[in-house]
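Report on the following structure.
Derivation of every value follows stated rules applied to the coordinates shown; laboratory data play no part. Just so it is clear, the structure is predicted and the values come from calculations on it, not from any experiment. Cβ placement follows ideal geometry from the backbone for every residue including glycine, while neighbour counts extend to all protein chains displayed.
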Amino acid sequence: MIKRIIFGLILCVAIAACSSSDDGNNGNNGDGFNRTELLTNLADNIIIPAFQDLGVKLSAMDVARANFVNSQTQTNLDALSAAWLEAYSVWQHVELFNIGEAEDVNTTSDDRGFVRFFNIYPVSETEIDGYAASGTYDLTSVLVDQGFPAFDYLIHGIATGDATALDKFTTHTNASGYMTYMTDVMSRMLSLNNQILNDWQNTYKDQFISATENGLNGSFNKIANDFIFAYEKGFRAQKVGTPAGVFSAGQTFPDRVEAFYKGDVSKTLALESLTALENFFVGRAYNGSTTGSSLRTYLQFLDSDDIVTAIQSQFTAVRTSINGLGNNFSNEIENNNTQVLTTYEVMQAMVPLIKVDMRQALDFAIDFQDSDGD
């Protein structure tokens, strides 16, 4: 009888402990870390403010576009170029958030989501010239050249038979077609960003914050994967590795750098992207210097300070290496590719830190295909 009483007491204590643990979970993964707090910081202080600012910058870009449509002067084209760069710089801060509506706007089977509509480069000059000539295109198709790279060609590139970028909109046979295509691309960018932002503000934010469970459908797993994908693919490979010939047996592609037609801002955009990635890792607010719950604090909570130190040191090394390059990555690849490849190796050194060490410490699975042999 006494043994039964003792066993019953032990069982009650065990059940109570389990119940207490479940009730007090508050968004953790069984490791005691509050994932709800992390996801809330990301949504309120980083993701939504960044999409809001992109909306502001795209609207300013649209105003500059309208001014240029009304008066095709070099001064107005230069103002449009400046507004394009402002918006393109903010884009670097939202590109990694390929989640929710941003992912759903692209129904193809690839991993690029809304990036397909905003920042796939290089564009095809022949195709854009054809759209201007025919007036026939479908901007809901991910195969159509659009977004920031399309604007880059439209306002900075030289069409066949023209002497300057301005000629495309003034003396070219299809000047009105180029103007219409530019206007339609601008409208599509504004519409997509508003669609994504409205979803975050009205519906998806609560869903995002509440999905703290482990597994591929959990918000933490998704956003951690987006961070790794953005660094490894969008930043390391697309901005540097691919044009420098890393994945093509040394054959270089100087025309595949970001902002190829503007030329002198590829380093500016790369550094902005690096800042966005680092801010995400440390949980730094988009509109300020304060930091909150983040991948860094999660690792520190798990006593993985050595991983934090290694990652932050590598961010510094990557920034130093990029700063050592010229402003125009296309020129650097043509004339100084050894240094570009060195920079790539510094960028590559981050991948095992975040894709292996960090991932194992935080216990989540990679959810995207990896085919570039890294």
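Couple of notes before you dig in:
- Look at SER266, SER210, SER289 and count the other Cβ atoms within 10 Å of each Cβ; fewest to most, that gives SER289, SER210, SER266.
- Only helices enter the 222 nm calculation for the chain: every DSSP H run of n ≥ 4 contributes -39,500 (n - 2.57), and dividing by all residues gives -17500 deg cm²/dmol, rounded to 500.
- Close amide H partners of LEU325, meaning residues 5 or more places away or on another chain with modelled amide H under 5 Å apart, do not exist here.
- Less than 5 angstrom separates the built amide H of ARG284 from those of GLY292, all sequence-distant by 5 or more or on a different chain.
- On Cα atoms only, tilt of 74-94 relative to the major axis of the chain in degrees: 20 degrees
- Compared with the dominant principal axis of the Cα atoms in the chain, helix 219-229 is inclined by about 40°.
- Most mobile of GLY263, GLY147, GLY324 in a GNM of the chain (Cα contacts under 10 Å): GLY324
- Overall form of segment 191-253 per C-alpha gyration tensor (a/c, 1.5; a/b vs b/c): oblate
- Nearest-20 debye value, segment 233-331 charge dipole, Cβ charges on Lys, Arg, Asp, Glu: 240 debye
- Once the Cα atoms are used to define both axes, helix 337-348 deviates from the longest principal axis of the chain by about 20 degrees.
- Stokes-Einstein D (µm²/s) once Rh is taken as the Kirkwood radius of the chain over alpha-carbon pairs, at 4 °C in 1.567 mPa s: 58 µm²/s
- Comparing ILE46, MET61, LEU77 along the charge dipole axis of segment 46-118, the residue lying farthest to the positive side is LEU77, per the Cβ-charge model.
- Taken about its Cα centre, segment 293-346 carries a charge dipole of roughly 140 debye when the Cβ of each Lys and Arg holds +1 and the Cβ of each Asp and Glu holds -1.
- With contacts taken as Cα pairs under 8 Å at a separation of at least 6 residues, segment 27-362 carries a relative contact order of 20 percent.
- Selected from PHE247, TYR131, VAL318, residue furthest toward positive end of dipole (the chain; charges at beta carbon): VAL318
- Summed residue charge, Cβ within 11 Å of VAL144's Cβ, Lys/Arg positive, Asp/Glu negative: -2
- Pairwise Lys count, segment 27-362 - Cα closer than 20 Å, eight or more residues apart or different chains: 10
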